[in-house]
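K.L.:
If you scroll down you'll find the structure; I have some questions about it.
The values are calculated or read from the model by the stated rules, or taken from the named source; none is laboratory data. This is a predicted model, so every value here is computed, not measured. Cβ coordinates were reconstructed from backbone atoms using ideal geometry, including for glycine residues, and neighbour counts include every protein chain displayed. Heads up: the accessible areas ignore ligands, DNA and RNA and are worked out on the full protein's heavy atoms, side chains in. Shrake-Rupley method; radii C 1.70, N 1.55, O 1.52, S 1.80 Å.
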Amino acid sequence: ATDETADTPAEVAMEPAPLLDRELFFGDPEISGSQLSPDGKWMSFIKPYEGTRNIWVKAADAPFESARPVTADDRPVPGYFWSRDSEFVLYVQDKDGDENYHVYAVDPAGEAADKGVPAARNLTPVDGVRAQIYSVPKNNPDIILVGMNDRDARFHDIYKVDIATGERTMVKQNDEGVGFWIFDLEGELRMAYRQLPDGGTELLRVTMDGLEQVITCSYEEDLSPSGFLPDRKHMYLQTNKGERDLSELMLMDVETGELTFVEKDPENEVDFGGLVTHPDTDELMATFYVGDRVRIYPKTKEAEKLVADLKKALPDGELGMQSMARDMSKMLVSVSSDVDPGSVYLYDTKTGEAELQYRSRPELPSEHLAHMKPVTYEARDGMKIHGYLTVPKGVEAKGLPMVMYIH
């Protein structure tokens, strides 16, 4: 028997998608910020606990549901990371929204105490002071280098903090009005970043005699340090200094300030997007650019194979390297698209298998979301304009009103 009132496939396809609650799109994601511990044994993430976003931890190969909270703060945890030796989770937190962030350490394997979580220790326990984390040295996993504005509220002095004991020792007093300090991979203070009176910026080398200017840029230019190389003589810079229309990746000699070109967008469309380095050797593995879609350019044979294997093992979408174990045996990879705000998979590089860990917004019905289409057109002055066109799902794309979001 047949049901003559049943919708035909064509009618079902043209049925408008239902209205969705804005909170599903713009509210806090259910789960976010996943990371692997450097030894690859643990996975952490941020998820509500007792109504507030806190840090959870589980064994990397254990079911996702086995995770347990390791913080129980009354305010959402804004950010965290693992110590180099995988012994502690380090996070920042303020009090009542005063934005005076302190650095806390918690042992995820510690015994549950107040509120059912291990006790956290405040590593920067000075009221009215905002701490900044500058460096987590690879050769000394027991310490972190932080900035604190306890002496002068305008500027941050540098302190070395022992994670286990909380002992704090001043490394550098900031008498030069430096906005941000830069360390090499071994945790040695090397460079300073400071704004100039005319709105430009300068990079300075830290010497025994003080600070020496290495390079400057105007207020119309950008100069973004992107980390030291293992040789400790060069650092990556992203910059559009000079006649460059788009920002490029450059190498800077920290002694002379000499810039050496590394790469710019092969399609000459967008600014330099970012780089991915090996978590152990710090070798440049890949660069990426955000055009109509994210374009990834592997720089080693290992990275080329890895990207190809990831595309085979994961659904189609934009790949994001969330976190990697130091030996590259495991990694957390996010996949996002126009109908998926982000799903995170645990990928085993030895077996080539990927296991879904969580969806950032599991309540969002992706089957009702419309796909985006990249579009390009020429403006009256000849400039090429890029954008995306999204038409309502289940509605004929004809004679519809248009909402334009220009940015």
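K.L.:
Calculate the length of the line joining the C-alpha centroid of the range 332-384 to that of the range 207-280, in whole Å.
P.N.:
Their Cα centres are 29 Å away from one another.
K.L.:
Given the protein chains as shown and a 1.4 Å probe, how many square angstrom of I46 are accessible, to the nearest 10?
P.N.:
10 Å²
K.L.:
Given H placed on each backbone N at 1.01 Å, which residues far from E248 in sequence or on other chains put an amide H within less than 5 Å of it?
P.N.:
Residues meeting the criterion, in which the H sits 1.01 Å from N, are T239, N240, F272.
K.L.:
Ok, one more. With volume of the Cα convex hull per residue in Å³ as the read-out, I listed (1) 209; (2) 151; (3) 289; which label goes with the value calculated from this structure?
P.N.:
Among (1) 209; (2) 151; (3) 289, the one derived from this structure is (1).
K.L.:
Which of the three applies to the range 327-407, rounded, prolate or oblate, going by the alpha-carbon gyration tensor with a ≥ b ≥ c and a/c under 1.5 meaning rounded? Numbers along the way, then the final one.
P.N.:
Numbers: a/c = 3.72, a/b = 1.85, b/c = 2.01.
It comes out oblate by the Cα gyration axes.
K.L.:
With a ≥ b ≥ c the root eigenvalues of the C-alpha gyration tensor of the range 250-298, is it rounded (a/c under 1.5), prolate (a/b larger than b/c) or oblate?
P.N.:
Oblate shape, in that a/c is at least 1.5 and b/c is the bigger or equal ratio.
K.L.:
Just going by the charge dipole of the range 209-264, with Lys and Arg at +1 and Asp and Glu at -1 on Cβ, which of G242, Q213, V262 is farthest out on the positive end?
P.N.:
V262
K.L.:
In square angstrom, rounded to the nearest 10, how much accessible surface does F183 have for a 1.4 Å probe?
P.N.:
20 Å²
K.L.:
Can you put W56, W181 in order of accessible area, largest first, using a 1.4 Å probe?
P.N.:
W56, W181
K.L.:
If you don't mind, another one. List the residues whose amide H sits under 5 Å from the amide H of E258, counting only those 5 or more places along or on another chain, with H placed 1.01 Å from N in the peptide plane.
P.N.:
Excluding prolines and chain starts, which carry no amide H, the hits are D253.
K.L.:
Pairs of Cα atoms under 8 Å, at least six residues apart: use those to get the relative contact order of the chain, whole percent.
P.N.:
10 percent
K.L.:
Could you derive backbone 3J(HN,Hα) for the range 195-211 from the dihedral phi with the Karplus parameters 6.51, -1.76 and 1.60 (θ = phi - 60°), listing whole Hz in sequence and x where the residue is Gly or Pro?
P.N.:
After applying 6.51 cos²θ - 1.76 cosθ + 1.60, I find 7, 8, x, 8, x, x, 9, 9, 9, 10, 8, 8, 10, 5, 9, x, 10 Hz.
K.L.:
Next up: Tell me, what is the percent relative contact order of the range 282-392, built from C-alpha pairs under 8 Å that lie six or more residues apart? Don't jump to the answer; show the numbers that get you there.
P.N.:
Details: 168 pairs, mean separation 16.8, N = 111.
Dividing the mean separation by the residue count of the range 282-392 yields 15 percent.
K.L.:
Please work out how much length the chain gains when fully extended from E220 to E318, using 0.36 nm per residue of separation minus the C-alpha to C-alpha distance, in nm with one decimal.
P.N.:
32.2 nm
K.L.:
Rank E363, E167, E212 by accessible area, highest first, at a 1.4 Å probe radius?
P.N.:
Output order, biggest surface exposure first: E363, E167, E212.
K.L.:
Can you give me the solvent accessible area of T277 with a 1.4 Å probe, rounded to the nearest 10 Å²?
P.N.:
So the heavy atoms of T277 present about 50 Å² to solvent.
K.L.:
Counting only helical runs of four or more DSSP H residues, what would the 222 nm mean residue ellipticity of the chain come to if each run contributes -39,500 (n - 2.57) and the total is spread over all its residues?
P.N.:
Taken over the chain, the calculation gives -1500 deg cm²/dmol.
K.L.:
Further question: With a ≥ b ≥ c the root eigenvalues of the C-alpha gyration tensor of the range 19-162, is it rounded (a/c under 1.5), prolate (a/b larger than b/c) or oblate?
P.N.:
Since a/c reaches 1.5 but b/c is at least a/b, the shape of the range 19-162 is classed as oblate.
K.L.:
Compare the Cα positions of W181, L229, L145 along the charge dipole of the range 141-280 (+1 at Cβ of Lys, Arg; -1 at Cβ of Asp, Glu; about the Cα centre) and return the one farthest towards the positive end.
P.N.:
L145
K.L.:
So, one more: For K115, list the aspartates and glutamates whose Cα falls under 12 Å from its own Cα; do not include residues on the same chain fewer than 8 positions away.
P.N.:
Output for K115: E50, D73, D74.
K.L.:
Starting at the first residue of the range 28-37, write each ³J(HN,Hα) from the Karplus equation 6.51 cos²θ - 1.76 cosθ + 1.60 with θ = phi - 60°, in whole Hz, x for Gly and Pro.
P.N.:
So the Karplus estimates, Gly and Pro as x, are 4, x, 4, 9, 7, x, 6, 9, 9, 5 Hz.
K.L.:
Considering only the other residues whose Cβ falls under 14 Å of the Cβ of P18, what net charge follows from Lys and Arg at +1 and Asp and Glu at -1?
P.N.:
Here the charged neighbours net out to -2.
K.L.:
Counting only C-alpha contacts under 8 Å and six or more residues apart, can you give the relative contact order of the range 95-161 as a whole percent? Working shown, then result.
P.N.:
Numbers: 108 pairs, mean separation 15.8, N = 67.
In percent, rounded to a whole number, it is 24.
K.L.:
Continuing with the same structure: Can you work out the Karplus-derived ³J(HN,Hα) for every residue in the range 333-340? Use 6.51 cos²θ - 1.76 cosθ + 1.60 with θ = phi - 60°, whole Hz, and x for glycine or proline.
P.N.:
10, 9, 10, 10, 7, 5, 10, 9
K.L.:
If you don't mind, there's one more thing I want to ask. Amide H to amide H under 5 Å from Y134: which residues, 5+ apart in sequence or cross-chain, H placed 1.01 Å off N in plane?
P.N.:
Sorted by chain and number, the residues that satisfy this are L145, V146, G147.
K.L.:
Quick one: dipole size for the chain, taken about the Cα centre, charges +1 on Lys/Arg Cβ and -1 on Asp/Glu Cβ, in debye to the nearest 20.
P.N.:
So the dipole magnitude of the chain works out to roughly 420 debye.
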